[in-house]
Amino acid sequence: MRLLEERIRKDGLVKEGNVLKVDSFLNHQMDIALFNEMGKEWKRLFADAGVTKILTIEASGIGIAAVAAQYFDVPVVFAKKSQSINLDGSVYSTKIQSFTHQRVYDVIVSRKYLSPEDRVLIIDDFLANGNAINGLMEIIREAGAETVGVGIAIEKGFQEGGKLLREQGIRVESLAIIEEMDAKNGTIRFR
Ligand code: 5GP
């Protein structure tokens, strides 16, 4: 998506450790006009998928998922990073290794908000190694629901997450795919 690529080129900051900072328009301050265009694009790409629910993960996925949901006219559920292990069986849970914080989170979704009839579109801000998406797919499987697609804002194509998901036959639509980025001179090349 040209608009997003242009914005990443203009305002994205390439950091050491393969991290792209997009705090000025996506991860901290949020450009809602841009989010609307992203939401419309995901709707166009997944128009035939019969989406009944959007699933994302806190915190950075919530804004983009909420704006996108208006075009699908479905609820958004966000997986919560939980401190305490749930013992009463009222939640689906999994563990997700965080790329940016280098730690493992317990992640939960209440059983009330995902059911076997659901056709779920996962939306998230970044796809790197695929741990976040795999964790969300695990929760969807646990619910007996179906993952009908994955909508990503920025995929780092030089990391393996996108390739592994597509090899499994998962429909992944990334609005910008970075092929290469260089922290020393700040350059970014898109696929
Ligand atoms: P994965 O689980 O695919 O390895 O990483 C995806 C998650 O890590 C996303 O939810 C995102 O929050 C975070 N992440 C991964 N790479 C980056 C990055 O380059 N920049 C930022 N801001 N977040 C990232």
Say whether the condition of being open to solvent by less than 10 Å² (accessible area, probe 1.4 Å), within 15 Å of the ligand (Cβ to nearest atom) and at negative phi is met by at least one residue in the stretch 23-41. yes
Positions within the stretch 149-191 being open to solvent by less than 60 Å² (accessible area, probe 1.4 Å), touching a residue at least 24 places away in the same chain (Cβ under 8 Å) and of a type in the set (Val, Ile, Thr), in sequence order: 150, 152, 154, 170, 172, 178, 188
So in the stretch 42-64, with the set limited to residues that are touching a Phe, Trp or Tyr at 6+ places or on another chain (Cβ under 7 Å) and of a type in the set (A, V, I, L, M, F, W, C), which one is surrounded by the fewest Cβ atoms within 10 Å (Cβ to Cβ)? 62
Cβ-Cβ under 8 Å, sequence separation 6+ or interchain: first residue in the stretch 106-121 and open to solvent by 10 Å² or more (accessible area, probe 1.4 Å), partner in a helix (DSSP H, G or I) and among the aliphatic types (A, V, I, L, M). Which pairs? 118/140
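The values are calculated or read from the model by the stated rules, or taken from the named source; none is laboratory data. Fair warning: this is a prediction, and the values are worked out from it, not measured in the lab. Don't worry about glycine lacking a Cβ; one is built from the backbone with ideal geometry, like all the others, and counts go over all protein chains shown. Keep in mind that these areas ignore ligands, DNA and RNA; they rest on the heavy atoms of the full protein, side chains included. Shrake-Rupley method; radii C 1.70, N 1.55, O 1.52, S 1.80 Å.
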